[in-house]
Amino acid sequence: MRWSACIDDEDEVLRVFRPIPAPVSIATAADRDAALVEVARGVRDALRAAQHGPMCVDLGNLPPPEQGIVGREDEKRVLDDALAHGATHVVVVVGEGGAGKTQLVRTWLDGLQPAYGGVDAVISCSIEDQDRSGGPCASAAVSVLLAALGEKPSDDPLESVSRLIRCVRGRRTIVVIDGLEPLQDARGDLIDKPMGILVRDLAAQMNGGLCVITTRPPFEALQGTGVVPIHLGSLDSTSAIEVLRRRGVSGSDEQLARAAARLRHHALSLALVADYLSEAHGGEIDALDHLDLGAEDIDERGRIHRILSFHEKRLNPEERAVLGIVALCERSTELATLADAAAWRGVSGFAAALGEASREHLRRACARLEKTALLLKIAPGIWDQHALVRGFWRRRLEAGDPAGVRAAHERLFERFRDQAPPADEGAVRREDLDMLYAAVAHGVQAQRWAESFDVLHDRIRQGERHTSLKLHGAVAEDRRAFLAFFDRNTFDVQGDLASSQRHWLENSAGVLLRVQGEASDAVRLLDRAVRTAVDAGLPGGAAESARNLASVHSLRGNLTKALESAESAVRYADASGELRPRLNVRDFRAYLMHRVGRLHEARAAYEEIEQIRDREIAGQAGVAHYPFANHAVLLLDLDEIDLAHERAARALQLTHGGDPDAGSLLNRGLSMRVFARTLLALGRPDEAGQRFEEAVSLVRDAGRWDHLASCLVDCASFWVARDLQRARGHLDEARRMIEGRGFRLSEVVAALTTARVALAEDLLPEAAKQLDIAEALLRKTGYRVRVPWLLLLRARLRGAQGDHAGARREAELARQEASAMGLKRREFWRELDAWSGGKESS
């Protein structure tokens, strides 16, 4: 009796350890007591084995096969062998939609229970799930995988990838990435850089674990001895016949073989047709001859569409409503959502049946549907659908009942919004964020624009506290929520929103896209945010957006455009009369002036900032840390070392004050880095080395790769004269961060520092290569303040190659360039004079 109850209720403990045996096998046993004793022994063994199983098993939305997979024994053996032999790191399962890729992986995983081959963790994510709103991206998948391991994602997607790789390599892990195709183009190439880095690094090393990827298009990006492909074709005839029989279709082997051939042995088509024949025609195979299955393809115009149309005609209103809501819902659908009579009462359209049905009636309807391929049971009381099935119902409802679809989205919006605690109850919890993100997605589809904006601004972001980012690191989720308000083609904000609301969306979304490395789209949005703020008479908002736009241009290495945007930002900030924007944008403008070699103008700009600050700071919070750190860097180039040290010390001191902005890990790390530079200039190398390493640690903890890369390069530059191996280590890490991100200014300094290391090691070809790279980047970026250093290193290289005349020419050019811009950096002139004097004596 206990075992039968476990089967009926799908007892959670037993379900986790192994697939529950069908009750019919026990009921028909010759000796039922003996059969139950064997079951009990199996449960005992499973519980014992589970004590030595993985510390973490999180299969996400990988649905358990509703009736088990048929066949595919060869493919499962490939997966077994790959896990058993550490030489294989990635298995890529490629096949058309509905071929059974996900079922294969889930069935294989179920077969590994409870010990899962001795691994330490089993984690999974589904890319296709993200295609519901805002578009798919790797960051959401990486966040899911990190959360499964108990780790928090970073606000930088590549740092999140790095954290995941470190976690996976630190333990033996099975990683499943299901449905990769939304991140691939028509040729199968990955269009998402973070995902490309993730799968490349997992293919290189898995520490005895295994990464399993499923996708539709061919995936040629991964090749080599560590990668094994599985091309999942149609089922063989015997397995196809078995699918039909298991799902209640009767007939001779010859009849079933003909039927399977007509369906091209396609797994999902076989399951859907078998379910239809069983319900509509008592399983008679002859009924198939009277069905028009349409085209041979399986897309929305072909066979799957026709088969689902047959099912649709037999559904009662409650079943139609269940399937429709599951298709529209932004997350796997719970029985509590479907059975919330108060939420659905009085709704118009297809979902009206939910308001009239009892909870028990809906539970039985879901139980009937989950026995078919129309509904996938994720867990007890939680359902989802195959992507092809979900797509059919969405298109059907949007074409035939658009008013009903909008009404359903309205009720889902209200339900998810009201489930989370009110905004005035403190910081939102991570589990509440999921409901609020779903609320935003449904709200915009219901055209409840203003209310959806309030959820995003007041409850997810909590205004300028940015809770979702700073507390929970929900970058990918924020990105999808923001982009839901925009037309995907034009980037126009949709709906009737106030100008200030449109500006906040454009500016915030632009910053998010910058963090995601989508610089071109970030420029479009931030440029539009500037215009929106100007047209609405919001000079403070225009200054903020223009400054953010300048930051994106600077990140891309276009210092000319960056400076133009910064100049505009200064004009807007002055018009606003607000102190903080006026200091902020002037600080960044002076920073850019320094970078383009306008050193004396930059100094005047910094002095103006300090005058404004000292004159107007009384009673103003949040501005104390401007502009000391950046000013100190300029003063070093002007050989005013004592003043630079004083400014850097003040900047560092302020990061320990009460200003939360100044006291962030990022600002503390950047101030520490500048302080270390001034210590080195003062001739205190031991203290400087310690501070450089502290700066790297602080910025690393802040999760900002754009700044961490330059910190690592600075640290490497310090170690060149002291520990070349350590310098190489920092440079290698910096290059991995810079790769594919377009951090061109950091690339310049990394190339120059690598050339310096190569010269110290007498590796002249490498030094020449790095200097060529630096020169090309300097021409593109206009990063003029680094040109004298390039020429100095060119002179050293020429001299090492024996070209003393060429070395003298390069040294003279370096001298002229430095003098023209007013560069008085002591280390530069000391190195130039020492080298020149040494060569002349030689």
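Taking Lys and Arg as +1 and Asp and Glu as -1, the other residues whose beta-carbon sits under 12 Å from that of HIS631 total -2. On full extension, the segment bounded by ALA336 and GLU687 gains 120.3 nm, given 0.36 nm per residue less the C-alpha separation. For the stretch 717-795, the list of trypsin sites (Lys or Arg not before Pro) that fall in a loop by DSSP and count at most 13 other C-beta atoms within 10 angstrom reads ARG722. Inter-label distance, ASP574 to ARG779: 3.7 nm, where each label sits 7 Å from its Cα along the C-beta direction. What residues of the stretch 321-345 lie in the reach of a label at ARG363, counting those whose backbone N is under 16 Å from a point 7 Å from the Cα along Cα→Cβ? It comes to 334-341, nothing else. Taking ILE378, ILE773 and ordering them by how much accessible surface each has at a 1.4 Å probe, largest first, produces ILE773, ILE378.
The separation of the stretch 726-759 from the stretch 546-565, counted between C-alpha centres, amounts to 22 Å. Rounded to the nearest whole Hz, the Karplus-based 3J(HN,Hα) values (6.51 cos²θ - 1.76 cosθ + 1.60, θ = phi - 60°) of the stretch 453-463 follow the sequence 4, 4, 4, 5, 6, 8, 10, 7, 7, 6, x, with x at glycine and proline. Hydrodynamic analysis of the stretch 210-289 uses the Kirkwood radius over alpha carbon pairs. Inserted into Stokes-Einstein at 4 °C and 1.567 mPa s, it gives a translational diffusion coefficient of 91 µm²/s.
Once backbone amide H atoms are built at 1.01 Å from N, LEU376 has ASP384, GLN385, HIS386 as its partners under 5 Å, excluding neighbours fewer than 5 places away on the same chain.
Heavy-atom accessible area with a 1.4 Å probe sorts HIS553, HIS281, HIS457, largest first, into HIS281, HIS457, HIS553. Annotation: extensible slack from ASP833 through LEU315 equals 177.7 nm (criterion: 0.36 nm per residue apart, minus Cα-Cα distance). The structure-derived value of mean projected area of the Cα convex hull in nm² appears in the list (1) 42.4; (2) 36.7; (3) 40.0 under the label (3). With both labels modelled 7 Å from their Cα along Cα-to-Cβ, the LEU643 to LEU763 distance reads 4.1 nm. In the context of the full protein assembly, HIS730 retains an accessible surface of approximately 20 Å², using a probe radius of 1.4 Å and ignoring ligands and nucleic acids.
Computed about the Cα centre, the dipole magnitude for the chain is approximately 1600 debye when only Lys and Arg (+1) and Asp and Glu (-1) carry charge, each at its Cβ.
Taking 0.36 nm per residue of sequence separation and removing the Cα-Cα distance, the GLU464/ARG488 pair yields an extension gain of 6.1 nm.
Near VAL585: Cβ cut-off under 14 Å, other residues only, Lys/Arg at +1 and Asp/Glu at -1. The net charge is 0. Computed over the stretch 280-396, the alpha-carbon pair-distance distribution with 5 angstrom bins reads 2, 11, 21, 22, 19, 13, 7, 4, 1, 0, each value a whole percent. List the trypsin sites (Lys or Arg not before Pro) within the stretch 317-412 that DSSP assigns to loop and that have no more than 14 neighbouring Cβ atoms inside 10 Å. Taking the stretch 317-412 and a limit of 14 other Cβ atoms within 10 Å, the loop trypsin sites (Lys or Arg not before Pro) found are ARG345.
Taking amide hydrogens as placed 1.01 Å from N in the peptide plane, the amide H of PHE743 sits under 5 Å from that of no residue at least 5 positions away in sequence or on another chain.
For the stretch 757-842, the extents of the C-alpha atoms along the principal axes are 34, 26, 21 Å, listed from largest to smallest. Shown here for the stretch 719-798: GluC sites (Glu not before Pro) in loop regions (DSSP other than H, G, I, E, B) with at most 16 other Cβ atoms within 10 Å, namely GLU739, GLU761. Each of CYS366, CYS56 has its accessible area taken with a 1.4 Å probe; listed largest first, they run CYS56, CYS366. Under 5 Å between amide hydrogens, built in the peptide plane, is the criterion, and for VAL176 it picks out ILE123, SER124, CYS125, VAL212 among residues at least 5 positions away or on other chains. The lysines whose alpha-carbon is closer than 23 Å to the alpha-carbon of LYS561, local same-chain residues fewer than 8 away aside, are LYS780. Within the straight-line cut-off of under 21 Å between alpha carbons, the lysines reachable from LYS371 are LYS101, LYS313, sequence neighbours fewer than 8 places apart in one chain being disregarded.
The values are calculated or read from the model by the stated rules, or taken from the named source; none is laboratory data. Computed from a predicted model, the values in this text were never measured in an experiment. Positions of Cβ are generated from backbone atoms using ideal geometry, with glycine treated the same way; all protein chains shown enter the neighbour counts. Areas reflect the complete protein model, heavy atoms only, side chains present, ligands, DNA and RNA absent. Shrake-Rupley method; radii C 1.70, N 1.55, O 1.52, S 1.80 Å.
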